[in-house]
1. Name, by its number, the condition in (1) within 10 Å of chain B (Cβ to nearest Cβ); (2) of a type in the set (Val, Ile, Thr); (3) under 30 Å from B:Pro93 (Cα atoms) that does not hold for A:Ile29.
2. Only helices (runs of 4 or more DSSP H) wholly contained in the range B:1-83 count here; list those with 1 or more residues that are of a type in the set (Ser, Thr, Tyr), closer than 30 Å to A:Asp17 by Cα and in contact (Cβ under 8 Å) with a residue 40 or more places away in the chain.
3. Which ones in the range A:38-83 are among the small types (Gly, Ala, Ser), closer than 29 Å to B:Thr44 by Cβ and more than 14 Å from chain B (Cβ to nearest Cβ)?
4. Going through the range A:41-61 one residue at a time, which ones are surrounded by 12 or more Cβ atoms within 10 Å (Cβ to Cβ) and within 17 Å of B:Val121 (Cα to Cα)?
5. Quick check on A:Lys3: is it of a type in the set (Lys, Arg) and more than 12 Å from every other protein chain (Cβ to nearest Cβ)?
6. Answer yes if at least one residue in the range A:62-72 is under 15 Å from B:Ser108 (Cβ atoms) and either in a helix (DSSP H, G or I) or of a type outside the set (Phe, Trp, Tyr) (or both), and no otherwise.
7. Which one of A:Leu9, A:Leu80, A:Leu72 is under 28 Å from B:Val94 (Cβ atoms) and out of contact with any Gly (no Cβ under 7 Å at 6 or more places or on another chain)?
8. Please determine whether any residue of the range B:31-47 is under 21 Å from A:Asn11 (Cα atoms) and more than 15 Å from the chain's Cα centre (by Cα).
Amino acid sequence: MYKLTAFMLANFTAPVDIGTNPQSLLLFIPVVAAIAIVYKATKLPRITAGRFLKESILLFGSIVAVMVIVALVLAAVAWLITE
Amino acid sequence: MARSRLSQNPIQMVIIVALAGWLIPGCGYLLLKEISRALIIFVTIALIFGLGIYIGSIGVIDPVGANLWYVVQMMNSPLVAIIGHFTAGGGYPVFGRPNEIGQIYTSSAGLLNLLCIINSVYMAYRGKTTATEQ
């Protein structure tokens, strides 16, 4: 038990190795999910499982879609400037 | 009985809800008997904060080198100051992407908790004014 606790705590004392590859951009997903969930938890007048899930997924999808559009526009602008 | 006594004094209730929400994320809603809301908020904020310090290590909480980030991280809970006490000496250095990602995660959790504190305070205040109008 002591070893397990020490091992778990040790995981929080050294950073994880994150490369500069395109896959590391996916790390924005947990933050967007948290924002969508907490925002909807504060805004819904009454929390029911179905409605809460539907509203959170809709907000999550909207944020991701807008971010993808912005990324595509910026990539297009960068391509136009550099070509 | 304690709650009804508190609800007779809205300022006291508002302060207690705000402090409870700061001490433990979602606890302000728990005092307002919003159990599912409190659970969702506690789990989400604790997970995103935990993920932040897992990715960047506890070194992302740096009251000396990144004091503005630290102020926002303190919105999670005053317990963050305990971690800050251990990391203030620079014993847990972290740089580059893990540092950025860790700070973004922990600070986002702090800002989300601030949103929840403000919302729970508003609910506590509105609940009292509604009761008065009735």
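Read-outs: derived from the displayed coordinates by stated rules, not from any lab. Since the model is a prediction, treat every value here as computed from it, not as a measurement. For neighbour counting, all protein chains shown are included, and Cβ atoms are generated from backbone atoms with ideal geometry for every residue, glycine included.
1. Failing condition for A:Ile29: (1).
2. Per the criteria, B:35-56.
3. The answer is A:Gly61, A:Ser62, A:Ala65, A:Ala71.
4. A:Ala41, A:Thr42, A:Leu44
5. Yes; evaluated as a whole, the condition is true for this residue.
6. Scanning the range A:62-72 turns up at least one residue that is under 15 Å from B:Ser108 (Cβ atoms) and either in a helix (DSSP H, G or I) or of a type outside the set (Phe, Trp, Tyr) (or both).
7. A:Leu9
8. No: the range B:31-47 contains no residue that is under 21 Å from A:Asn11 (Cα atoms) and more than 15 Å from the chain's Cα centre (by Cα).
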